[in-house]
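Scroll down for the structure; my scribbles are underneath it.
No value in this document is a laboratory result; all are computed from the given coordinates. Keep in mind that this is a model prediction, so the values were computed, not measured. Glycine gets a Cβ as well: all are built from the backbone with ideal geometry, and neighbour counts include every protein chain shown.
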Amino acid sequence: GVELERSGVFAKYNVRILGTPIQSIIETEDRKIYSNRVNEIGERVAPSEAVYSVEEALAAAKRLGYPVMARAAFSLGGLGSGFADNETELENLARQALAHSSQLVIDKSLKGWKEVEYEVVRDAFDNCITVCNMENIDPLGIHTGESIVVAPSQTLSNKEYNILRTTAIKVIRHFGIVGECNIQYALNPNSEEYYIIEVNARLSRSSALASKATGYPLAYVAAKLSLGVALPSIKNSVTGVTTACFEPSLDYCVVKIPRWDLAKFVRVSKNIGSSMKSVGEVMAIGRNFEEAFQKALRMVDSGVQGFDPYQQPLKKEELTEPTDKRPFVLAAALKANYSVDELHQLTKIDKWFLYKMENIIEFYKILEETGNTLNADQILEAKKMGFSDNQIASAIKSTELAVRKQRKELGIVPFVKQIDTVAGEWPASTNYLYITYNANSHDIDFPGGFTIVVGSGVYRIGSSVEFDWCAVGCLRELRNLGKSTIMINYNPETVSTDYDMCDRLYFEEISFEIVMDVYELEHSDGIILSMGGQLPNNIAMDLHRQQAKVLGTSPESIDCAENRFKFSRMLDRKGILQPRWKELTNLKSAISFCEEVGYPCLVRPSYVLSGAAMNVAYSNQDLETYLNAASLVSKEHPVVISKFLTEAKEIDVDAVAADGEILCMAVSEHVENAGVHSGDATLVTPPQDLNAETLENIKRITCDLAALLDVTGPFNMQLIA
């Protein structure tokens with residue numbers, strides 16, 4: 001947009017710009033003009049200088065005093081930014097950053113200050129409100145996209161909150177922004193001193209989070225404002241009676257945690273900082289911080305039970321130099337009796353959050369000491385702090401089902417609450433729901449007859465917006481068929497979590513416990529799992545064992561396809577060819593199998609997404625390393641080893657079947673040879689290099705498998721030729 005304006009294209013063709021004027025965008029993005037404009041209204045930006053060469057950068061740093069932060073102007077996700085404590089570090093940083101951008105900004109480092117954000121909305125008639133304020137648990141120095149964020153802010157005094165709110169409104173008016181804008185502050189934890197870090201005159205990642213956290217549809221309102229509609233004349237879609245010109249007030253707490261997939265990359269630094277590395281994020285809703293925080297940690301990674309002190313070893317350097325696993329290092333430190341003051345010194349995280357984390361660890365100790373003799377009060381207390389059944393079970397050396405049974409016998413069940421943006425000041429008729437134990441009544445009735453669709457959860461490598469598309473398509477079609485729908489998902493970046501997509505939206509974990517709770521509370525007609533990718537498939541058997549009705553392909557068939565051993569055995573019985581394989585029982589038999597068929601061999605764990613821990617071994621030593629990794633990933637399911645065919649062609653088949661009869665199918669051919677994951681390969685459809693005979697074979701195998709597994713719904717398979 002800025003380029004088109006500068007080159008005169010808009011003027012030449014008489015194009016009208018709606019919403020925020022281009023001049024305002026330039027003023028907020030060009031660091032030099034931006035700081036001058038902010039100073040005009042008596043506000044302060046962090047001391048910084050804009051430079052255009054490495055020499056100028058070094059001179060500027062001398063004037064500002066180390067440590068400094070360098071960042072490229074006009075960049076997204078903190079590209080080419082970082083901290084420097086001395087000249088050599090800065091020189092390296094500046095060289096890299098100037099490769100991305102012509103202008104480089106050198107800031108005085110405010111590491112350790114609180115980072116606070118406000119989302120502000122203004123219309124063309126100068127009506128202005130703040131929609132949501134958020135606070136980063138991680139202090140300044142970590143990009144907000146990499147931070148754990150809490151909304152509304154928890155540690156600001158009333159005075160601080162209002163100072164920053166007033167400033168936000170003053171700034172958006174001064175820049176003349178129309179629509180939505182996001183403003184970030186650095187706040188000194190020991191005084192009321194603050195700096196404005198940046199103003200984004202656009203919707204950002206934080207806006208998606210803010211609108212899901214408050215139920216205030218920011219993008220929808222911003223679009224109306226760009227067209228020149230006034231805020232008071234837009235209806236509030238949640239209450240249906242008030243206007244959009246109000247500030248949401250929340251009677252719940254929201255926690256956002258990013259998801260990283262750094263373990264997939266060899267030799268990649270696990271440290272997080274001012275440049276963004278996360279691939280997705282989750283949002284959890286609870287009635288207190290502990291509940292929301294533990295929920296969020298489980299959402300990020302289904303292998304985690306919560307704020308678990310045994311998840312990571314205690315490394316002191318990881319407290320000062322944060323990595324993607326820092327919450328668990330904190331848990332380990334609290335378990336090792338580090339005091340809140342010590343941890344505050346090391347991490348600069350506000351003590352309020354550390355005390356809350358300490359509460360969780362203290363309760364862990366009580367659970368471990370009490371063991372199997374928990375009483376009703378203790379179970380209720382645990383649930384109020386966000387402990388899952390599974391987490392309680394592992395602390396008291398029991399099983400999830402035993403804890404669930406005991407909890408239900410004691411009548412401890414969760415309550416369903418509405419998100420109503422006005423903290424109960426007006427009656428709200430919303431279908432945007434969450435589950436909590438910190439309540440004593442339901443906000444809604446349960447008439448029954450709903451069909452549950454389970455979403456895909458957090459975006460990660462191998463599972464992202466494609467499943468959101470599937471889920472939305474499924475919800476729309478169910479609506480067309482006249483069915484009432486429930487969506488369970490917890491990803492704030494998706495369309496499936498818009499509350500007008502379905503009849504009821506549960507913004508909740510996708511775990512056996514929660515899905516089963518919703519199923520029982522709602523007296524549901526059935527659950528559709530096939531739209532959410534790998535995550536819902538993993539809980540199919542658990543739901544099935546508790547007599548939940550799974551629609552589509554039966555969980556037993558899902559298990560036959562996901563469980564490598566059952567799947568390979570089934571192919572052999574049917575006479576469908578596959579490379580020689582063996583189930584892993586111990587290392588010795590694995591090595592002798594590989595030596596017999598000859599390396600390379602492929603190690604394949606069950607129930608995994610996007611080839612996690614799936615590796616080609618070329619020697620006994622490789623084999624041992626990979627088998628250890630694979631058995632960690634699929635603890636409860638078999639690992640299979642098969643001969644890896646080099647230079648084989650790989651073919652992907654996607655099909656839909658009903659009761660084992662194929663309705664339609666598509667064949668795509670990989671350009672690369674087998675060995676490149678289908679998510680990383682170049683695919684061509686229709687296939688260019690397969691003869692008629694091969695295609696007939698593919699069709700035959702596809703029909704056989706659909707019938708064997710009695711597939712109802714979508715399925716995908718890969719073949720090698």
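Details
- Compared with the dominant Cα axis of the chain, that is its longest principal axis, helix 289-300 is turned about 50°.
- Listed by chain and number, the aspartates and glutamates whose C-alpha is less than 12 Å from the C-alpha of Lys483, apart from same-chain residues fewer than 8 away, are Asp503, Asp525.
- For the stretch 242-313 versus the stretch 623-696, the gap between their alpha-carbon centres in whole angstrom: 33 Å
- Straight-distance crosslink candidates among lysines, where the alpha carbon sits under 24 Å from Lys235 and sequence neighbours closer than 8 are dropped: Lys212, Lys224, Lys417
- For the stretch 338-348, Karplus couplings with θ = phi - 60° (6.51, -1.76, 1.60), whole Hz, Gly/Pro x: 5, 7, 4, 5, 4, 5, 5, 4, 6, 9, 6
- Dipole axis of the stretch 255-409 (+1 Lys, Arg; -1 Asp, Glu on Cβ), positive-most option in Trp352, Ile396, Trp260: Trp260
- Given R0 = 22 Å, the distance between the Cβ atoms of Arg44 and Lys111 translates into a calculated FRET efficiency of 0.80.
- Restricted to Cα atoms, the stretch 62-158 shows a radius of gyration and a Dmax of 16.4, 51 angstrom.
- For the stretch 318-372 and the stretch 160-222, distance of Cα centres in Å: 30 Å
- The angle between the Cα long axis of helix 205-214 and the longest principal axis of the Cα atoms of the chain comes to about 90 degrees, rounded to the nearest 10.
- 3J(HN,Hα) along the stretch 263-279: 5, 5, 9, 6, 6, 9, 5, 8, 6, 10, x, 7, 10, 7, 10, 6, 10 Hz, from the Karplus curve 6.51 cos²θ - 1.76 cosθ + 1.60 with θ = phi - 60°, whole Hz, x for Gly and Pro.
- As a rough footprinting exposure proxy, the listed residues Met717, Met299 were ranked by other beta carbons within 10 Å of their own, and the order from fewest upward is Met717, Met299.
- Extents of the stretch 485-595, largest first, come to 57, 28, 24 Å (Cα atoms, principal axes, whole angstrom).
- Full extension of the chain between Ser619 and Thr646 yields a length gain of 8.2 nm, computed as 0.36 nm times the residue separation minus the alpha carbon distance.
- Segment His344-Arg569, extension gain: residue separation times 0.36 nm, minus the distance between their alpha carbons: 75.5 nm
- On the basis of the beta-carbon distance and an R0 of 25 Å, Glu661 and Arg476 show a calculated FRET efficiency of 0.50.
- Label point at Lys397 placed 7 Å out along Cα→Cβ; residues across the stretch 366-390 whose backbone nitrogen lies under 15 Å: 367-374
- All lysines inside 24 Å of Lys270 as judged from Cα atoms, apart from same-chain residues fewer than 8 positions distant: Lys111, Lys114, Lys256, Lys295, Lys315, Lys316, Lys325, Lys335, Lys348
- Charge dipole (Cα centre; +1 on Lys/Arg Cβ, -1 on Asp/Glu Cβ; no other charges) of the stretch 415-551 amounts to roughly 360 debye.
- Charge tally for Tyr459 (other residues, Cβ to Cβ under 11 Å; Lys, Arg +1; Asp, Glu -1): -3.
- Computed from label points 7 Å out along Cα-Cβ, the spacing between Asn586 and Asn271 is 4.5 nm.
- The stretch 47-109: C-alpha pair distances exceeding 15 Å, %: 35 percent
- Stokes-Einstein, applied to the Kirkwood radius of the chain over Cα pairs at a viscosity of 1.306 mPa s and 10 °C, places its translational diffusion at 57 µm² s⁻¹.
- Taking the average, over residues, of other Cβ atoms within 10 Å as the packing measure, peptides 105-115, 656-666 rank 105-115, 656-666 from highest down.
- Here r is the Cβ-Cβ distance between Ile444 and Lys62 and R0 is 56 Å; the resulting FRET efficiency, rounded to 0.05, is 0.35.
- Inter-label distance, nm, simple model (7 Å from Cα along the C-beta direction), Phe125/Leu262: 5.0 nm
- The calculated 222 nm mean residue ellipticity attributable to helices in the chain amounts to -11000 deg cm²/dmol, summing -39500 (n - 2.57) over DSSP H runs of n ≥ 4 and dividing by all residues.
- Footprinting exposure proxy for Trp352, Trp581 (fewest neighbouring C-beta atoms within 10 Å first): Trp352, Trp581
- Taking the Cα atoms of the stretch 649-720, the ratio Rg/Rh between the radius of gyration and the Kirkwood radius comes to 0.98.
- Under a 5 Å amide H cut-off, with hydrogens placed 1.01 Å from N, Asp324 pairs with Ile272 among residues at least 5 apart or on other chains.
- Crossing angle, helix 587-597 versus the chain [Cα axis fit, 0-90 degrees, rounded to tens]: 70 degrees
- Per-residue Karplus couplings for the stretch 140-147, computed as 6.51 cos²θ - 1.76 cosθ + 1.60 with θ equal to phi - 60°, are listed in order as 3, x, 10, 3, 4, x, 9, 8 Hz, Gly and Pro entered as x.
- Where trypsin sites (Lys or Arg not before Pro) fall in DSSP loop in the stretch 208-297, at most 16 other Cβ within 10 Å: Arg267, Lys270
- With the gyration tensor restricted to C-alpha atoms of the stretch 114-250, the semi-axes of the equivalent ellipsoid amount to 25, 15, 14 Å, longest first.
- Ordered by the count of other Cβ atoms within 10 Å of each Cβ, fewest first, Thr167, Thr155, Thr20, Thr682 give Thr682, Thr155, Thr167, Thr20.
- In this label model, Glu595 and Glu672 are separated by 3.3 nm, measuring between points 7 Å along each Cα→Cβ vector.
- Taking the inverse of the mean 1/r over every pair of distinct Cα atoms in the stretch 255-409 gives a Kirkwood hydrodynamic radius of 16.4 Å.
- Asn438 long-range amide H proximity, modeled H, under 5 Å: Arg287
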